[in-house]
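Following: one structure in structure tokens, then a few remarks.
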Amino acid sequence: MRYLLFILSGLFFFIQASAQKNSFVADSIGYAAIKQCEQTFPQFYREFEYIKAQDTLIKKFVFVQQPGTGPAFASPKGVITINISYLNKPKPNFDDNRLIVVLYHEVGHLHYFLTIDRTKWNPEDSEKAAFEYSLLKTKEMAEKNDCLPLATGLKFMKLRSMSNDLQDAHVRALKRMVNEPLYTGYVKYVSSKCNMTIK
Ligand SMILES: [Zn+2]
């Protein structure tokens, strides 16, 4: 019996380890998924190519294929991980506009890591900075008459702020944010400039 348990736990760790290892995909596969976005998510594709060429904080993109986790992640070393599951099989709440918000959110984390002293880093502030950066960048798009990424970002931030999952740093950050003048200023901007209401 003990032997069987030993074998089973060994098997469990093996499966876990290979699942993690397998979630990374080669750059060639990742960039092929990005290239495909030229058709499926054209605006995301354009913004991705733009920041890849322009934003010096981004040192590298890596790719995973991991259903059931988030669409992207950022690390303090300037690495942005893109989960190509969200690109290969479009998900209901992640359209072209939302993916742009996600992309700028991750870049926002890199700005946070660069500008805030490491001893002061905390997950909640990092998320807040990332959300606010995505609002800043999508407002620049709205200034050029594309209101949808900003409006989409505001809508999903508001929705997520209503979650009760206080373990989640995103939720805690958003609960603070949606009551602050910065966020409400963006809502007012969208209302006057784009004639759109964020509920
Ligand atoms: Zn984040």
**Study point:** Odd one out for A142, checked against (1) away from the ligand (no atom under 16 Å from the Cβ); (2) closer than 20 Å to I80 by Cβ
**Key:** (2)
Review point. What is the one condition in (1) at pLDDT 95 or above; (2) surrounded by fewer than 18 Cβ atoms within 10 Å (Cβ to Cβ); (3) outside any helix (DSSP H, G or I) that I82 does not satisfy?
Key: (2)
Exercise for review: May I ask you to list pairs of residues, at least six apart or on different chains, whose Cβ atoms are under 7 Å apart, with the first in segment 123-138 being touching a residue at least 40 places away in the same chain (Cβ under 8 Å) and closer than 15 Å to R98 by Cα and the second being of a type in the set (S, T, Y) and near the ligand (Cβ under 10 Å from one of its atoms)?
Suggested key: A130/Y112
Revision key, fill the gap. When every residue in segment 109-127 that is assigned to a helix (DSSP H, G or I) and either under 15 Å from F156 (Cβ atoms) or of a type in the set (A, V, I, L, M, F, W, C) (or both) is compared, the one farthest from the ligand (Cβ to nearest atom) is L114
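The values are calculated or read from the model by the stated rules, or taken from the named source; none is laboratory data. Predicted, not measured: the structure shown is a model, and the values here were computed from it. All Cβ positions, glycine included, derive from the backbone under ideal geometry; neighbour counts span all protein chains shown.
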